[in-house]
Structures are given as structure tokens and as C-alpha cells.
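So the structure is just underneath, and the comments pick up after that.
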Amino acid sequence: MKVILIDEIRGLGGRGDVVTVKDGYARNFLIPKQLAREATPGNLKSIEQERKKWAALGDQEKAAAQKAADSVKGTKIVIHKRVGDHGNLFGSVTSNDIADALTKKGIEVDKRRIELAHPIKSVGVHDVEVRLHREVAAHIQVEVVPEGKESIMEAAPVAAAAPAAAEAEAEA
């Protein structure tokens, strides 16, 4: 079945693209969720008018996404989880956990924008990509720490400040 995409769908196409998909995928997922419309002659004419609007909106969305990426880029978050004897997590860290941690820092990111190849199941620092637009992405660092332990990233600024304070006292 040929459909016109109303929204960008990763691996399928961008807004306004006419693509061929299986009938069930179109009828049971894309059309009910208003991600696509059936490619009828009437819809094809109306989509041409909307493409012009989308082109202008696309530039604005990209600029907004770039601004958001600049604020997110380099952000370091710490997630405390229960850990077994061998350093393996009970459960895993998912994009939902990362989105919640970012929200606590005052950064609103939809969990679907956080790209994890697979859930994080080990303690340590992990690099995670946040895709805010199809052309704009930012990388953040997620440190998974056992409950009750201190983070390496949280301890680093304190450790760096301690020698500076000791030097200041020695000079005085």
C-alpha cells in the first residue's frame, strides 16, 4: 500500500514522502496513529501544499533542535542502581531512566529521542546519543553507580578543588 508520511519515521522516510509499506503496517499502525495517510490522488494534491509549509517549519524545528542540542551537549548524569556481586545491574538503565535524570537537571527530552543500541546493564560511564532532529544530535555521558556509592563524575570537581584550596592555604 502506498502512503504519504505525515511525520518522520526512522528507517522509512521523512515528512511528505510517498512510500510503499505492507497493508497491515499502514492500516494498523501508521494511519491510526496519524503518522501517514493513504496515497490517494486527493491526498497527494493536498500534501503538495503542506510540503511548502513543512519546509519552512523544518528550518525552524532544526534551529530549535540545534539550540536544545547545545544545552544538552556534554551533560553528565548519574544514575544509582542496585548492583550484584560481579558489578552487574539488577535490571537495566533504559532511555526512560535517562530521560527522568535529564528532567531532574531541568532538561526536557522525550525518551524516544534517546538512542540506546541496547539497555545499559553494567556499572560505569556510558556515552549516549540524544537525537533531537534527524540532522541534529548531542552526546551525553551517563554514569551508572551502585546505590550508596559516590559517582566518579561528582567526586572529580571536589577532588580538583581540594588541591587548589590547599595551595591557597599554603600561600597564606
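Values in this text are rule-based calculations from the coordinates and carry no lab data. Keep in mind it's a predicted model, so treat the numbers as computed, not measured. As a convention, Cβ positions derive from the backbone with ideal geometry for all residues, glycine included, and neighbour counts pool all protein chains shown.
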Total charge dipole magnitude, the range 84-151, about the Cα centre, Cβ charges on Lys, Arg, Asp, Glu only, Debye to nearest 20: 200
Inter-part distance where the range 126-150 and the range 88-106 are each reduced to a Cα centre, Å: 9
The chain: relative contact order as a whole-number percent, Cα under 8 Å and 6+ apart: 18
For the range 104-146: span of alpha carbons on each principal axis (Å, largest first): 33, 24, 14
Net charge over other residues, Cβ less than 14 angstrom from the Cβ of Asp127 (K, R count +1; D, E count -1): 0
Semi-axis lengths, Å, the range 1-84, gyration tensor of Cα atoms, sqrt of 5 times eigenvalues: 34, 21, 8
Cα-centred dipole magnitude for the chain, charges only on beta-carbon of K, R (+1) and D, E (-1), debye, nearest 20: 1180
Reachable lysines from Lys62, criterion Cα separation under 29 angstrom, eight or more residues apart if same chain: Lys2, Lys33, Lys45, Lys52, Lys53, Lys73, Lys76, Lys104, Lys105, Lys111
Summed residue charge, Cβ within 11 Å of Gln66's Cβ, Lys/Arg positive, Asp/Glu negative: -1
Rounded to 5, percent antiparallel among DSSP beta bridges of the chain: 80
Correct option for mean projected area of the Cα convex hull in nm² [calculated from the coordinates] among [x] 10.2; [y] 14.7; [z] 24.1: [y]
Net charge of Cβ neighbours under 14 Å - reference Val93; Lys, Arg +1; Asp, Glu -1: -2
